[in-house]
Amino acid sequence: MKRIILSTSLLCSGTLWAGFNFGECSGSGTFAQHINAYGTDKENAVTVGTIPKGIQGLEVNLTSEADVDIRLYADNGDKIVHWPSGILKKAQKETKSYKDTKVTYSGYNGVNGKRGHEFIKVEGSTPSLLTMKAFGYNEGDATVNYSWTGKDGCSNTDSGKGHFTQKIPNKAIAVVGEIPANIENLEVSLKSNKDIDIQLYGVDGTAIIAWPKGLLHGSKKDTITYNGMNIEWSGYYGVNGKAGHEYIKITGKTTEKMTMKVYGYESGKADVDYSWGHRTQNENNDLKILKTGSHISFHEDDDADLQLGETRSYSRNHSKQVVIDNVTGLMWQDNNETIKIVKSWVTEANYKKQKYQDTSGDTASTYCTNLTLGDYNDWRLPTIDELANLTDYGKRSPAIDSLFLNVDSNDRGYWSSTSNGTMSLSSIENPSYAFRIRSEEGDFYPYAKNEKFYVRCVRNK
């Protein structure tokens, strides 16, 4: 298996993004919120964040060990959720209409009577700009989880893929992330050297995959049709009987929001890879994985020990200034522009407008689309998997085959087409970031999409 080096600071630390971020058409997020005690002023509530007009299928959950009440205000000052004078204000769960929109509130006694564990749900689209606040009867910290299924006038990305690292607890359950509705042909795999089990729950809490009482709970690969979805699970024995290597596949569109979790029989980490949508040439889902080049083994079953993958083989066309990967069939740009031209992933204007998937304008993606090199004009920005596949971990400075003559020496790195958060399966993802890779060691990290890095384009030979 190919080793992927990730940023421990951004992908493993549990860093939470502060405040709501509704930049994508649908998704979810998590952040931490400190809440002060109200003192003697009953209107003394901390602002959690604002929710734009036109957010569809909104759900916000606030969880705290302190006794905290959610408050929700419209832009005209209407108190939608507020004790004691809001439209919704009871101790138990209730649903009422506000401007033809149904709003559900858990009630101030909290979920299952646990105070400090409250939620709001908005059916349809938010009717105006909303402000959410938290009123603390005593001081404490809260975790805010939120999700939305759509935005007025916004269309979801048809396909994509991603990767992140998940912390695995010891004999406990951790949330991997939320799977939105209307995602097509989803595949998620978890790979760990620890014994772990995937779990999947429906929007109503149904255990679709879970040992021992889930609808799927066996040791071997099995499938089930659930609410119009064909769901396949590897089974808890794992792929080829290797515990800790499990997957789920959902064929067709997801018909409801689901929650994916993981149970760890011991603590550790897992690599989470996911993809969805129609397979296109750009996604290159059938990319052959090359040997990593690593020869120093640190533990049993690592890359240097197993030596898995295809043997590397490259050739260079000097006149066309390209390098051909003879195994994957990819052709790579290697003229001096790869160490001269820097581009952002999105323009500064789009970044400020939170249009994080709009790659129009003077960007890395359009540079590749407009590139003519070696009589070819079908270049594109490579995925992070394709760029990482070039990395030879047996080399350093640069960690790439010597047939590449133009490699950055200032450690600026190269943009990939892989966005960090086009689909929210991890609370630590951020759609305003994308992955770039360094040539020195081949490690890659997510960076803000308005940053400027080098570009190395690729095409299918």
Any idea which of (1) in contact with a strand residue (DSSP E or B) (Cβ under 7 Å, 6 or more places away or on another chain); (2) at pLDDT 90 or above; (3) of a type outside the set (Asp, Glu) is the one residue 147 doesn't satisfy?
(2)
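Does residue 392 qualify as being within 24 Å of residue 442 (Cβ to Cβ) and among the acidic types (Asp, Glu)? Break it down stepwise before answering.
On the way: within 24 Å of residue 442 (Cβ to Cβ): yes; among the acidic types (Asp, Glu): yes.
Yes; evaluated as a whole, the condition is true for this residue.
If you check 214, 136, 140, 202, which single one turns out to be within 30 Å of residue 241 (Cβ to Cβ), at pLDDT 90 or above, over 20 Å from the mean Cα position of the chain (by Cα) and surrounded by 16 or more Cβ atoms within 10 Å (Cβ to Cβ)?
Values: 136 fails: within 30 Å of residue 241 (Cβ to Cβ); 140 fails: within 30 Å of residue 241 (Cβ to Cβ); 202 fails: over 20 Å from the mean Cα position of the chain (by Cα).
Going through 214, 136, 140, 202 in turn, just one is within 30 Å of residue 241 (Cβ to Cβ), at pLDDT 90 or above, over 20 Å from the mean Cα position of the chain (by Cα) and surrounded by 16 or more Cβ atoms within 10 Å (Cβ to Cβ): 214.
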If a residue has to be within 22 Å of residue 438 (Cβ to Cβ) and either assigned to a loop (DSSP other than H, G, I, E, B) or at pLDDT below 90 (or both) to count, how many in region 291-339 make the cut?
15
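The values are calculated or read from the model by the stated rules, or taken from the named source; none is laboratory data. What you see is a predicted model; the values in this text were computed from it and never measured. So basically every Cβ, Gly included, is an ideal-geometry build from the backbone, and we count neighbours across all protein chains shown.
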